[in-house]
Each structure stands twice: as structure tokens, then as C-alpha cells.
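The structure appears below as C-alpha cells.
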Amino acid sequence: MQLSAIRSILFCTLLAPAWAQGAPCGPSLEIRSQLEKITVIVSNPSDFDQALAPLVVLRQRYPNDLWVNERYQDAVQQYGIEGHLRRLTEDYQVLSMQHPDDTTYSYLYARSLMGRNTPAATQQMTEIVADHPDFAPAHGSLAEIYASTIFHDESKENNERERFLVLCPAAEVRQRPAGLPKPSPLIDQAENLLAQNGDPDRIAAIAEQGVRDDEWRLQRIRPFDWYSVDYKRQAQRDLQAKYWRLWSLQVRCYRRASRPEKATALLAVMDQRATALHNSSDPTYWDALALLARLYEEGNQKDLAKLKVKSMQDFLTAHPDPRRSAQLEDLQKSH
């Protein structure tokens with residue numbers, strides 16, 4: 001080999017980042033093959049352990065592999081609920097303490113905090129790249145954090161993205177947080193089936209599944225600081241509204257299935273819940289009253305319907321609102 005060629009190879013080697021020399025910017029062929037065989041599907045919390053079992057086994061087989069651990073973390077953070085997320089962070093904290101001089105474990109612990117305590121994760125990632133500027137994964141994670149809505153910092157995002165792509169040109173900066181499932185359409189479908197005189201039992205089952213789906217969705221919002229307090233509150237209010245729609249569907253289905261005693265019992269529970277909303281000054285109290293008034297009217301329970309309308313009038317006197325006044329007028333006309 002000519003001397004100039006040897007010098008060229010040595011020069012390129014010196015230019016290569018330390019991270020790229022120490023490990024590739026992606027999994028080995030063996031690890032990639034193993035990861036590609038695993039598909040994680042979690043429909044509700046009860047599926048979690050079984051769905052993640054293949055990743056748990058792979059992590060036990062390759063405990064030190066960065067990419068296996070990242071994939072495992074991503075699955076837990078995407079599908080886990082509070083207990084799973086807490087155990088994940090505790091697990092990687094212990095590992096980082098057991099390997100104090102291993103940058104990979106320090107990084108994985110910091111990464112486990114992303115979305116749960118993102119400011120702490122950001123601080124630890126920043127310390128990692130200060131001590132190890134060629135550790136590409138930390139630059140990539142910082143770029144993800146700074147690109148997110150809540151922690152957005154365009155200047156820092158561009159800086160970390162540039163450093164990451166210099167070290168790993170073919171890599172991509174992922175979006176944080178991972179996409180959420182859309183609110184379930186099943187309650188709407190159940191209401192449409194009810195209007196078409198569908199089977200009451202099937203309608204109730206569809207509505208219940210819709211609420212369970214949205215409960216699962218909320219559990220993927222509430223523990224994370226990727227989402228604002230206002231966003232979390234709105235998601236909670238939307239789910240609460242779905243509950244009232246579910247209960248009203250159940251009352252109507254009980255009546256159609258000739259089970260009036262079940263409808264009466266559920267209405268009594270709904271009445272108690274409405275009282276609790278009033279006592280806590282919950283903004284959904286008005287909607288609960290309007291729904292109860294309609295259900296009592298549909299069940300020919302005139303006196304109870306009038307009581308709810310009277311409560312609505314009292315509420316409107318204390319909280320004037322033109323929109324609600326019009327809604328109350330429409331409700332009174334239908335009685």
C-alpha cells in the first residue's frame with residue numbers, strides 16, 4: 001500500500017468521532033435482527049407484562065446493549081402506567097450506581113427520566129456531553145427534548161441536532177412524546193346504534209369499551225411532563241364527559257331491554273354524582289343536570305325532571321350565561 005493511502009486512512013480514522021469508533025450509530029446486525037422480530041402491542045394495562053416479555057428476555061440476554069435497553073425503555077414509556085414507569089427509573093438508577101464509570105448506564109438512567117422528570121434528564125444529559133462530547137446518543141436525546149412542545153428551545157435543538165448528525169449522519173431525531181391514540185369513537189358509534197334501535201346489550205358493551213379505551217389513553221398522558229397541566233385537565237374533563245354519556249346510554253339500554261329497576265338504580269347513582277359535582281363546584285355540574293332532566297323526562301318521571309330543571313334555574317341565577325339560558329329554554333319547551 002502506498003504511503004499516501006496509509007496517511008489518508010490514518011487521517012480519516014483520527015477524524016472519526018470517538019463514539020463512532022467505540023460503537024456504531026445503530027445496533028449490530030445480530031441485535032437488529034432480534035429487535036425486528038419483536039412487535040409490542042398493548043391494548044390495555046393487563047396486556048403489558050405479556051406484550052413486553054420478549055423485550056425482557058432480550059434485555060436479559062444482552063444486558064449491556066444500548067439499543068436493546070433503549071427499545072425496552074421506549075416500550076415501557078409508551079405503554080406503561082405509573083407503577084411501570086417508576087420501576088423503570090428505579091431499575092436504571094440502580095444500574096447506574098452499580099456502573100459509576102460507565103457512560104452508557106449514566107445515559108440510560110438519564111433517558112429513563114425523560115417525560116417523567118425531563119428537567120433532571122436534561123441536566124444529566126448536558127453533563128454527559130460536557131464530559132463526553134462524542135457520545136452521540138446524549139446529543140440525540142437532548143435534541144428530542146428541545147424539539148418537544150413543552151421544553152422547546154430552537155437554538156439548543158438545532159445545536160444538539162447538528163452535533164448528533166455530525167456523529168451519526170444517517171440517524172434521525174425522534175419526536176417526543178410518541179404519538180397518542182386518538183380519543184375513542186366508540187361512544188359516538190354506540191349513540192348512533194341506539195338511535196337506530198340497535199341491540200341494547202351490544203350498544204352498552206361498545207360504550208363501555210369506548211370509555212376503557214379513553215381511560216387507557218389518559219393513563220398515557222397523566223404521568224408525563226411532556227403534556228401541560230391544562231392539556232391533562234382537559235383530557236380528564238373529556239373522559240368525565242364520556243362517563244356521563246356512557247351512563248346515559250346504559251340507562252336507555254336498560255329501559256329498552258325491559259330492565260327498569262337497573263335504570264332506576266343507575267339514575268340514583270348519577271344523581272349522587274351530580275350532587276358531588278355541585279359540592280365541588282365542578283364546571284360539568286350543569287351538563288350533568290341537563291342530562292338527568294332529559295333521562296327523567298324520557299322515563300316519564302316528571303317530578304324528578306322538574307326538580308333538575310329547578311336546579312338548573314338556580315344554577316343559572318348564580319352563574320348567568322346566555323348560552324345556558326338558551327339551553328334551558330329548549331329543555332323546558334320539550335317538557
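Observations on the model:
- Which numbered condition Lys242 fails, given (1) surrounded by fewer than 19 Cβ atoms within 10 Å (Cβ to Cβ); (2) in contact (Cβ under 8 Å) with a residue 24 or more places away in the chain; (3) assigned by TED's automatic domain parsing to the domain that holds Ala293; (4) of a type in the set (D, E, K, R): (1)
- Pairs, first closer than 19 Å to Val40 by Cα in the stretch 80-109, second assigned to a helix (DSSP H, G or I), C-beta under 6 Å, six or more apart: Ile81/Pro45; Ile81/Gln219; His84/Val76; Leu88/Val76; Leu88/Ser112
- Test: residue in the stretch 219-232 that is aromatic (Phe, Trp, Tyr), under 30 Å from Ala75 (Cβ atoms) and without any contact (Cβ under 8 Å) to a residue 40 or more places away in the chain: yes
- Within the stretch 143-166, residues that are within 19 Å of Ile128 (Cα to Cα) reach partners that are surrounded by fewer than 15 Cβ atoms within 10 Å (Cβ to Cβ) and among the basic types (Lys, Arg) with beta carbons closer than 7 Å, at six or more positions or on different chains, in the pairs Glu144/Arg174.
- Candidates Lys182, Lys156: the one that is at pLDDT below 95 and out of contact with any Gly (no Cβ under 9 Å at 6 or more places or on another chain) is Lys182.
- Boolean, Phe164 is buried (at least 18 other Cβ atoms within 10 Å of the Cβ), in a loop (DSSP other than H, G, I, E, B) and modelled with pLDDT of 95 or more: no
- Condition check for Arg255: surrounded by 16 or more Cβ atoms within 10 Å (Cβ to Cβ) and in contact with a Gly (Cβ under 8 Å, 6 or more places away or on another chain): yes
- Of the residues Arg111, Arg61, the single one that is more than 25 Å from the chain's Cα centre (by Cα) and among the basic types (Lys, Arg) is Arg61.
- Those residues of the stretch 41-67 which are over 25 Å from Glu215 (Cα atoms) and without any contact (Cβ under 8 Å) to a residue 40 or more places away in the chain, in sequence order: Pro54, Leu55, Val56, Val57, Leu58, Arg59, Gln60, Arg61, Tyr62, Pro63, Asp65
The values are calculated or read from the model by the stated rules, or taken from the named source; none is laboratory data. Computed from a prediction, not measured in an experiment: that's the story for all the values here. In this analysis, Cβ positions are derived from the backbone assuming ideal geometry, glycine residues included, and neighbour counts consider all displayed protein chains.
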